[in-house]
Amino acid sequence: MNRLPVVTKNLLAINVLMFFATFVMKRQGVDLTDILGLHFFKASDFAPYQLVTYMFMHGDFAHLFFNMFALWMFGNTLENIWGPNRFLLFYFVCGIGAGLVQELVQYIQYATTLQGYTNVNMGGHIIPMAEYLNLLTTVGASGAVYGILLAFGMMFPNSTLYIYFAIPIKAKWFVLLYGIIELFAGFKGIDNVAHFAHLGGMLFGLILILYWKK
């Protein structure tokens, strides 16, 4: 880890420490995910700082591992090229942008299906709307990581990556494939993953790269 550039190394360390802190603090009766995770802006538990802190919270070990693996794999290269300041700016722009897109998507869902209701039926359990809105919590560095993946694909489009460490694919097609998968999964709503937040990270990353190119 000593050979890693400073920002990538510290981001990895902070994410891992926060993951373990979540379990330690939960035993003390403190729910860090509830405090630092990104709540829907209409929920009573929402706070603006969560647009930053949610990036350092993860739901489980697999979530943390794959995000940190991608950060190590691609962020390492980008930081060595861009330098720490530009890389750190890019990381936070993508992460915050992903959070903003997630908030927008949640608002559209709320405005089209929930607005005006006082209660919500969740699997046969009726809960107050205010309680339901506080359950809409987003965590993870995925938005920032997807922005990094996009940047790598744009800067090294013909580099060979390996899906499941076995199937070779050029970086540009890898990024395009992931983008299509996220778009499809987001519209289908087939799981509890913030797919549009991932796309938001890529979108804000693209905007920033195009701005830098000017």
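Coordinate-derived values only; no laboratory data. Note that the coordinates shown come from a computational prediction; the quantities given were computed from them, not determined experimentally. Don't worry about glycine lacking a Cβ; one is built from the backbone with ideal geometry, like all the others, and counts go over all protein chains shown.
Quick check: residue separation of L135 and D60 times 0.36 nm, minus the Cα distance between them. What number comes out in nm? Write down the numbers at each step before the final one.
Working: separation 75, 0.36 × 75 = 27.00 nm, distance 1.70 nm.
Between L135 and D60, full extension yields an extra 25.3 nm.
Calculate the dipole size of the stretch 4-124 relative to its Cα centre from +1 charges on Lys and Arg beta carbons and -1 charges on Asp and Glu beta carbons; express the result in debye to the nearest 20. Don't jump to the answer; show the numbers that get you there.
Details: 5 positive and 6 negative charges, 33 e Å.
Here the stretch 4-124 has a charge dipole of around 160 debye.
A cut-off of 5 Å between modelled amide H atoms, ignoring neighbours fewer than 5 places along the same chain, links S159 with A171, K172.
Sequence-ordered 3J(HN,Hα) estimates for the stretch 138-152 from the Karplus curve with 6.51, -1.76 and 1.60 and θ = phi - 60° stand at 10, 9, x, 8, 4, x, 5, 5, 5, x, 5, 4, 4, 4, 5 Hz, glycine and proline given as x.
Shape call for the stretch 1-53 from the C-alpha gyration tensor, a ≥ b ≥ c root eigenvalues: rounded (a/c under 1.5), prolate (a/b greater than b/c) or oblate? Walk me through the numbers on the way to the answer.
Working: a/c = 5.24, a/b = 1.60, b/c = 3.28.
Note, shape of the stretch 1-53 comes out oblate.
Taking the mean number of other Cβ atoms within 10 Å as a proxy for protection, how do you rank 201-211, 91-101, 138-148 from highest to lowest? Present the calculation step by step, with values, prior to reporting the outcome.
Numbers: 201-211: 19.4, 91-101: 23.7, 138-148: 27.7.
Those peptides, ordered most packed to least, come out 138-148, 91-101, 201-211.
Taking Cβ atoms as reference points and 14 Å as the exclusive limit, the residues near G37 contribute a net charge of -4, counting Lys and Arg as +1 and Asp and Glu as -1. Taking amide H as placed 1.01 Å from N in the peptide plane, the amide H of V120 sits under 5 Å from that of I127, M129, each at least 5 places away or on another chain. Close amide-amide hydrogen proximity is noted between M57 and G140, each under 5 Å apart and 5 or more residues distant or on a separate chain (H modeled in the peptide plane; Pro and chain starts excluded). Label-to-label distance for A111 and F20 is 4.4 nm, based on points extended 7 Å past Cα in the beta-carbon direction. Here the dipole of the stretch 50-184 is about 380 debye; that uses its Cα centre as origin and unit charges on the Cβ of Lys and Arg (positive) and Asp and Glu (negative).
Inter-label distance, I167 to K213: 2.8 nm, where each label sits 7 Å from its Cα along the C-beta direction. Overall shape: prolate for the stretch 85-203, with the ratio a/c of the largest to smallest alpha carbon gyration tensor axis at 1.5 or above and a/b above b/c.
Fully extending the segment from N10 to L177, taken as 0.36 nm per residue of separation minus the present Cα-Cα distance, adds 57.2 nm. Between the alpha-carbon centres of the stretch 1-33 and the stretch 118-169 there is a gap of 19 Å.
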